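Written out below as structure tokens is the structure these notes cover.
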Amino acid sequence: MAERSVELPSGARMPLLGLGTWQARGPGAAGAVRTALDVGYRHIDTATMYANEREVGQGIAESGVPRAEIFLTTKLPQGNAGRERQTLAESLAALGVEYIDLWLIHWPPGGARPDVWERLLELQAEGRARDVGVSNYSLRQIDELERATGRLPAVNQIEWSPALFDRDVLDGHRRRGVQLEGYSPLRTMNLRDPRLVQIAEAHGVTPAQVILRWHVEHRIVAIPKSTNAERIAENAAIYDFELTPAEVEVLHALG
């Protein structure tokens, strides 16, 4: 478990691989969550803006997996700044849970907004969210939150992949102790790139599996989205091979 997860400030462990649910709707969303949990995922990512929290909660309830074994993330829309308590209550009700493992500010609401961050910290202190963080924030904005409150986000979820690899961004998060989480890890990649295909063929896996393996080897959380049962299972099968240092450098060069 420790090799496949990272520890957050609360002491909770966040699985390095999760299921993203952006654009998943209706029965397909609930079914994707059930499938993911059935094949071994224990990390599900949703958001108020996705308008699928109820279906995600349904999938969790129908899976039979105990709530305590699931790491669940949702997000505060930037337009709901000032209505944090109401938004979180609505998310909890829609998901059918008593707490969120990770609650993020989805986008900077007109700037870093330390006042919004302060209210997330208050709700965390009440036990409604085990950890709190941000999404799509710059390092400068993260520093602004810390200067104002003395507290850093546990996580910053940003678009990330080998094509977007930036050593300064990665190192900046690590120096601050902020866990980097990558969304759309596959969407920004050319899965037919010959260099990527060659690495995949060397390990008998798919290009998508190589990209996800690259994330977890860097201790970066990845949340590929899919409602396809076969793809969901394939994305999880990344723990029986390792990339060589030379292969990692090739992937870095794709950026």
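The values are calculated or read from the model by the stated rules, or taken from the named source; none is laboratory data. These figures come from a predicted structure and were not determined experimentally. Here the Cβ positions follow ideal geometry from the backbone for every residue, glycine too, while neighbour counts run over all protein chains shown. In case anyone asks, the SASA skips ligands and DNA or RNA and just uses the protein heavy atoms, side chains included. Shrake-Rupley method; radii C 1.70, N 1.55, O 1.52, S 1.80 Å.
Show the residue pairs that are 6+ apart or on different chains and have beta-carbon atoms under 9 Å apart, the first residue being within region 240-255 and modelled with pLDDT of 95 or more and of a type in the set (Ser, Thr, Tyr), the second being open to solvent by 30 Å² or more (accessible area, probe 1.4 Å) and not in a helix (DSSP H, G or I).
Every condition considered, no pair remains.
Those residues that are surrounded by fewer than 18 Cβ atoms within 10 Å (Cβ to Cβ) and either in contact (Cβ under 8 Å) with a residue 24 or more places away in the chain or in a helix (DSSP H, G or I) (or both), I need them from region 122-137; list them, please.
Those that are surrounded by fewer than 18 Cβ atoms within 10 Å (Cβ to Cβ) and either in contact (Cβ under 8 Å) with a residue 24 or more places away in the chain or in a helix (DSSP H, G or I) (or both): 122, 125, 127, 136.
Checking residue 27 against (1) modelled with pLDDT of 95 or more; (2) farther than 22 Å from residue 151 by Cα: exactly one of these is not met. Which one?
The single condition residue 27 does not satisfy is (1).
Within region 233-255, restricting attention to residues that are among the aliphatic types (A, V, I, L, M) and exposed (fewer than 12 other Cβ atoms within 10 Å of the Cβ), which residue is nearest to the chain's Cα centre (by Cα)?
In this case the residue turns out to be 253.
Counting only residues that are in a helix (DSSP H, G or I) and crowded, with 20+ Cβ neighbours inside 10 Å, how many does region 155-172 have?
Adding up the residues that qualify gives 1.
Output the residues belonging to region 45-81 that are open to solvent by less than 10 Å² (accessible area, probe 1.4 Å), within 16 Å of residue 133 (Cβ to Cβ) and either in a loop (DSSP other than H, G, I, E, B) or free of Cβ contacts under 8 Å to residues at least 40 places away in the same chain (or both).
Of everything in region 45-81, those that are open to solvent by less than 10 Å² (accessible area, probe 1.4 Å), within 16 Å of residue 133 (Cβ to Cβ) and either in a loop (DSSP other than H, G, I, E, B) or free of Cβ contacts under 8 Å to residues at least 40 places away in the same chain (or both) turn out to be 46, 47, 72, 74.
What are the pairs, 6+ residues apart or on separate chains, where a residue within region 159-172 that is free of Cβ contacts under 8 Å to residues at least 12 places away in the same chain has its Cβ under 7 Å from a residue that is outside any loop (DSSP other than H, G, I, E, B) and β-branched (Val, Ile, Thr)?
Hits for this filter: zero, empty list.
Specify the residue that is nearest to residue 214 (Cα to Cα); the eligible residues are those in region 173-184 that are out of contact with any Ser or Thr (no Cβ under 9 Å at 6 or more places or on another chain) and open to solvent by less than 40 Å² (accessible area, probe 1.4 Å).
180
Within the group 212, 152, 145, which residue is more than 27 Å from residue 34 (Cα to Cα) and open to solvent by less than 20 Å² (accessible area, probe 1.4 Å)?
Every option except 145 fails the conditions.
For the condition among the small types (Gly, Ala, Ser), in a helix (DSSP H, G or I), out of contact with any helix residue (DSSP H, G or I) (no Cβ under 9 Å at 6 or more places or on another chain) and open to solvent by less than 60 Å² (accessible area, probe 1.4 Å), what is the one hit in 89, 94?
89
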